[in-house]
């Protein structure tokens, strides 16, 4: 496979770290777009659509800077339990508390839409990964401490998975890297296709 220049259309530290684990050089050009979800679309398709919009914006930013390559963009959504309600990023600490209280002791899904766009050919691969999570019960005090520590803000579902020793994630069924915001298995597949 011929190595092409990679452009990550995200400011997420987790996505930067995960992409770095693939051992490829890349530039970071965060795509600032309207991330509102199309109401008529299923959640998985909506996440993929937002990722596609981010990839297109990343390509536009790259062209402005005279860069050409393959743009990688992702959008992560948390979907709660049987009602399928979408849980976005918290607006403030009170909202983060309410989100974590809702997720405590329950099961939910982490859905990440992924788009990989080849700027030269215009070809793109778009899809999603879905990982199911079982959360441990959290006391109100534990939730308050977690929120006060700053980990809840800026993350879908108001939490960031911290690895195998995470005290609040009991079980993961699916891609672990997806829970961190960049499904590496799907990304490798898309890059190979392009």
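Ranked by Cβ crowding within 10 angstrom, fewest neighbours first, how are 10, 36, 162 ordered?
Fewest-to-most Cβ neighbours within 10 Å comes out as 36, 162, 10.
Grab the beta carbon distance between residue 64 and residue 17, set R0 = 22 Å, and tell me the FRET efficiency rounded to 0.05.
Calculated value: 0.25.
Just check the range 70-113 against the gyration tensor rule for me: Cα atoms, a ≥ b ≥ c as the square roots of the eigenvalues, rounded for a/c under 1.5, and otherwise prolate or oblate depending on whether a/b exceeds b/c.
In terms of gyration-tensor shape, oblate.
How big is the gap, in Å, between the Cα center of the range 86-114 and the Cα center of the range 23-70?
Centre-to-centre (Cα) distance: 23 Å.
Can you bin the range 80-192 into rounded, prolate or oblate? Criterion: square roots of the alpha carbon gyration tensor eigenvalues sorted a ≥ b ≥ c, rounded for a/c under 1.5, prolate for a/b above b/c, oblate for the rest.
Taking the square roots of the gyration eigenvalues as a ≥ b ≥ c, the range 80-192 is prolate.
What angle, in degrees between 0 and 90 and rounded to the nearest 10, separates the Cα long axis of helix 184-193 from the longest principal axis of the Cα atoms of the chain?
20
Give the relative contact order (percent, whole number) for the chain; include only Cα pairs under 8 Å separated by 6+ residues.
Relative contact order of the chain: 22 percent.
Can you give the FRET efficiency to the nearest 0.05 for residue 104 and residue 193, using r as the Cβ-Cβ distance and R₀ = 41 Å?
Between residue 104 and residue 193 the formula returns 0.55.
Relative to the longest principal axis of the chain, what angle (0 to 90°, nearest 10) does the C-alpha long axis of helix 43-64 take?
So the inclination is approximately 40 degrees.
For residue 91, put the label point 7 Å out on the Cα→Cβ axis and report which residues of the range 142-175 keep their amide N under 12 Å from it.
none
Could you give the angle, 0 to 90 degrees to the nearest 10, between helix 93-103's Cα long axis and the longest principal axis of the Cα atoms of the chain?
Once rounded, one gets 80 degrees.
For residue 120 and residue 25, what is the calculated FRET efficiency with R₀ set at 25 Å and r taken between the beta-carbons, to the nearest 0.05?
The value I calculate is 0.90.
Each reported figure results from applying straightforward, stated rules to the coordinates on display, with no laboratory input. All values reported here derive from a predicted model rather than from experimental measurement. Methodologically, a virtual Cβ is constructed for each residue, glycine included, from the backbone with ideal geometry; neighbour enumeration extends over all protein chains shown.
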